[in-house]
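One structure below.
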Amino acid sequence: MTHRSRASRFGTLLLIALAHRAAAAAGATADAAAEAGAAAARAARYRGSALPAFRKDLLALAAIPSVSSLPQHADDVLAAADWLVSKLRAAGLGNVSLLPTEGAQPVVFAEHMGAGPDAPTVLIYGHYDVQPVDPLDLWTSPPFAPEERGGYFYGRGVDDDKGGLLNAVHAVESYLQAASEGGAPGRLPVNVKFLLEGQEEIGSPNLAPFLTRHAALFADADVALSADGGQISEAQPGIPTGFRGAIGLQVDIVTAGIDMHSGMKGGSVQNAAHALIQLLATLRDPSTGRVAVSGFYESVVEPDADDRDDMEVGGWYRPTLEVVGMGSGFSGQGIKTIVPASSFAKLSARLVPNQAPEEVAGKVEAHLRAHAPPLANLTVTVMGFRADPWRSPRRTPGNVAAARALRKVMGAEPLFFKDGGTVPALAYLDSLLGLPTTVFAFCLGERIHAPNERLKVSMFDLGSLGWIELLSELGATGKAAFAEAKAARARGAAAAAAEEEEEQGGARDEL
Ligand SMILES: *[C@@H]1O[C@H](CO)[C@@H](O)[C@H](O)[C@H]1NC(C)=O
Ligand SMILES: *[C@@H]1O[C@H](CO)[C@@H](O)[C@H](O)[C@H]1NC(C)=O
């Protein structure tokens, strides 16, 4: 045997060995894929027979009046959190706990790390608080006596977000409670951590310090999923790539110590209602509808081609400033002949990247002061409700997995879109935990925040199946893909920071 042939024979053996290894690896991958598919199928079977119980869960949770903005419902908010603690325990999750925040509403935490360190870990976000219900007389059935009629669930919170978060909980339950062929307990394709908050409807005022304090709890998460969101329609699946930020202000005007007789004083003293009208009228250019506050649009990032496409699909994604409430003088039946001594208006701005809520509030306040009518004392208060805008690239690993799951359960190609609404948590998950979020929800946003909020029963049922598929797709995506995306994101952020520094350096050089 020549040297050469020995070498080549060794090479052949090596190739055969490598081929065996590759075949074994491919076999293992195929086995893993088959096992993952079988686990999802078992979970789907469990879900099929548990659907009546899932619907009962929604009616039970929606019956708890967990209105976060009203102090008289503080105990109800806690009752909803307690209900979730029991539910998560029964579903098979571990380390279930109520974690206090600086507000009256705790975070409900639960996890299941049984998929092991090589599987992705997903943080599932949702909120269990709801909006107030007034005007009560416009409800057909009482808001906290939820019921099913004509193919819909009716009740406050059935859509936003109790239906949404239960879809995720039920999918996890389906994996954990579905026994495998041998009768062993079911397994999840990913590790999960639930973060269910009770302050979303008041702008998540304590979530940022909470996440900072508990960052270690979520340090091993690879991706966040928001169960708060919704679909474009029953036939058209969609994945949001943006939510707007927000800030609220109140302006109070006082023109006198007391209302005056409109016959004795009318025409000779300032009228607080007129002063307010005059002031509010300066906020917009009436011919274009543009906000007339100096610098309001200054930090707005112009939408790129993807953003423009997404905006065509849905969701208004430009900044706005709206009067959301106002009052002055006599508003009862009939007439009262007075010159009002005071008036107020509430303003709400919806913001897009890169507008900063506090900066915008400052500009609006400066505008109001600069345009204050004569003989009127003005007070401007920035309200607690604030949120940073949130924006996501389209093809993150989470969104790709979500698109596959949606295609599978809704049978149509998902579209990306911008949502005009606000979920304050998403920007915090991004900036404080470094987590990209995929928004995955099956609600259709019907009459949310309004009387007769409702959720189509078929969409609620579809949601748990969608989440089963999503968790399976995320498992198949693998931890490495998320780590890579995170590293690329960090590199992108570092490059952007360096660029900004260079620009600032340049600007300094010019000075
Ligand atoms: C609960 O937390 C412990 C400690 O971090 C962890 O080892 C365990 O896996 C968690 N339980 C579940 C069900 O994930
Ligand atoms: C407006 O504010 C000034 C200074 O605080 C005060 O002296 C005046 O009485 C106020 N006017 C009204 C109408 O409240």
Sketch the reach of a paramagnetic label on Leu99 as a point 7 Å from Cα along Cα-to-Cβ, and name the residues of region 412-441 whose backbone nitrogen lies under 12 Å away. 433
Counting only backbone N atoms under 16 Å from a point 7 Å out along Cα-to-Cβ of Val324, the residues of region 130-151 in range are 130-135
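Just flag the GluC sites (Glu not before Pro) in region 263-347 sitting in loop per DSSP whose Cβ has no more than 13 other Cβ atoms within 10 Å. Provide the component values of the computation, followed by the final result.
Working: sites: Glu298, Glu312, Glu322; in loops: Glu298.
When the GluC sites (Glu not before Pro) of region 263-347 are filtered for loop state and at most 13 Cβ neighbours within 10 Å, Glu298 remain.
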Roll a 1.4 angstrom probe over the protein heavy atoms and tell me the percent of accessible area of the chain that is carbon or sulfur. 56
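Using the heavy atoms of the protein chains and a 1.4 angstrom probe, tell me the accessible area per residue for the chain in square angstrom. All intermediate terms of the calculation are to be shown ahead of the outcome.
Values: 23260 Å² over 511 residues.
Per residue, the chain has 46 Å² of solvent-accessible surface.
Per DSSP H run of n ≥ 4, the term is -39500 (n - 2.57); total these for the chain, divide by its residue number, and report the mean residue ellipticity at 222 nm rounded to 500 deg cm²/dmol.
Details: 11 runs with 209 residues, N = 511.
For the chain, the value works out to -14000 deg cm²/dmol.
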In sequence order, calculated HN-Hα J values of region 151-157 (Karplus, 6.51, -1.76, 1.60; Hz; x Gly/Pro): x, 10, 8, 10, x, 5, x
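For region 245-387, what is the relative contact order in percent, using Cα pairs closer than 8 Å and at least 6 residues apart in sequence? Walk me through the numbers before you get to the answer.
Values: 237 pairs, mean separation 71.1, N = 143.
The normalised contact order for region 245-387 reaches 50 percent.
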Work through the residues other than Lys346 whose Cβ is under 13 Å from its Cβ and net out their charges, Lys, Arg +1 and Asp, Glu -1. -2
Amide H neighbours of Ala441 under 5 Å, at least 5 residues apart or on other chains, H built in the peptide plane: list them. Gly230
Quick check on my link table: of Lys87/Lys408; Lys87/Lys162; Lys418/Lys479; Lys193/Lys486; Lys193/Lys408, which ones sit more than 22 Å apart, alpha carbon to alpha carbon? Lys87/Lys408; Lys418/Lys479; Lys193/Lys408
Using only protein heavy atoms and a 1.4 Å probe, report how much of Val352 is accessible, in Å² to the nearest 10. 0
Pull up the DSSP beta bridges for the chain and report the antiparallel fraction as a percent, rounded to 5. 70
Scaled by the rule-of-thumb 2.2 N^0.38 Å, the alpha carbon Rg for the chain gives a ratio of 1.17
Whole percent per 10 Å bin, from 0 to the bin with the longest distance: what is P(r) over all C-alpha pairs of region 49-98? 25, 44, 26, 4
7 Å from Cα along Cα→Cβ at both Arg447 and Lys346: what's the point-to-point distance in nm? 2.1
Could you tell me the relative contact order of the chain? Use alpha-carbon pairs under 8 Å, at least six residues apart, and round to a whole percent. 22
Around Ile239, which amide H atoms from residues at least 5 apart in sequence, or from another chain, sit under 5 Å from its own amide H, with H modelled in the peptide plane? Leu415, Phe416, Phe417
Rounded to whole Hz and in sequence order, give me ³J(HN,Hα) for region 185-195 from the Karplus expression 6.51 cos²θ - 1.76 cosθ + 1.60, θ = phi - 60°, writing x for Gly and Pro. x, x, 10, 8, x, 9, 7, 10, 9, 8, 10
From the backbone phi of region 350-367, what are the Karplus-calculated ³J(HN,Hα) couplings (6.51 cos²θ - 1.76 cosθ + 1.60, θ = phi - 60°) in whole Hz, Gly and Pro given as x? 10, 10, 10, x, 10, 6, 9, x, 5, 5, 5, 4, x, 5, 5, 4, 4, 4
Does anyone have the angle between helix 397-410 and the longest principal axis of the chain? Alpha-carbon axes, 0 to 90°, nearest 10? 90
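Quick check: net charge around Pro451, other residues with Cβ under 11 Å of its Cβ, Lys/Arg +1 and Asp/Glu -1? Don't skip to the answer; put the middle values down first.
Working: positive: Arg156, Arg447, Arg454; negative: Asp134, Asp137, Glu453.
Result for the local shell: 0.
Tally Lys and Arg at +1 and Asp and Glu at -1 over the other residues with C-beta under 14 Å from the C-beta of Glu484: what net charge comes out? Please report the intermediate quantities before stating the final value.
Values: positive: Arg395, Lys479, Lys486, Arg489, Arg491; negative: Asp222.
Cβ neighbours under 14 Å give a net charge of +4.
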Spread of Cα-to-Cα distances over 5 Å intervals beginning at zero, given as percent, for region 245-387: 2, 9, 17, 18, 16, 12, 9, 7, 4, 3, 1, 0, 0
Report the FRET efficiency, 1/(1 + (r/R0)^6), for Arg149 and Ser268, where r is their Cβ-Cβ distance and R0 is 60 Å, rounded to 0.05. 0.55
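By its C-alpha gyration tensor, with a ≥ b ≥ c as the square roots of the eigenvalues, how is region 44-138 shaped: rounded for a/c under 1.5, else prolate for a/b larger than b/c, else oblate?
Working: a/c = 2.56, a/b = 1.43, b/c = 1.78.
Taking the square roots of the gyration eigenvalues as a ≥ b ≥ c, region 44-138 is oblate.
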Going by average Cβ density within 10 Å per residue, which order do the peptides 81-90, 190-199, 426-435, 480-489 take, highest to lowest? 190-199, 426-435, 81-90, 480-489
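Report the gain in length on full extension from Leu70 to Ala487: 0.36 nm times residue separation, minus Cα-Cα distance, nm rounded to one decimal.
Numbers: separation 417, 0.36 × 417 = 150.12 nm, distance 4.25 nm.
Stretched fully, the Leu70-Ala487 segment lengthens by 145.9 nm.
The values are calculated or read from the model by the stated rules, or taken from the named source; none is laboratory data. Just so you know, these numbers come straight off a predicted model, no measurement behind them. Neighbour counts are summed over all protein chains in view; Cβ atoms, including those assigned to glycine, are modelled from backbone coordinates with ideal geometry. These area figures cover heavy atoms from the full protein model, side chains too; ligands, DNA and RNA do not enter into them. Shrake-Rupley method; radii C 1.70, N 1.55, O 1.52, S 1.80 Å.
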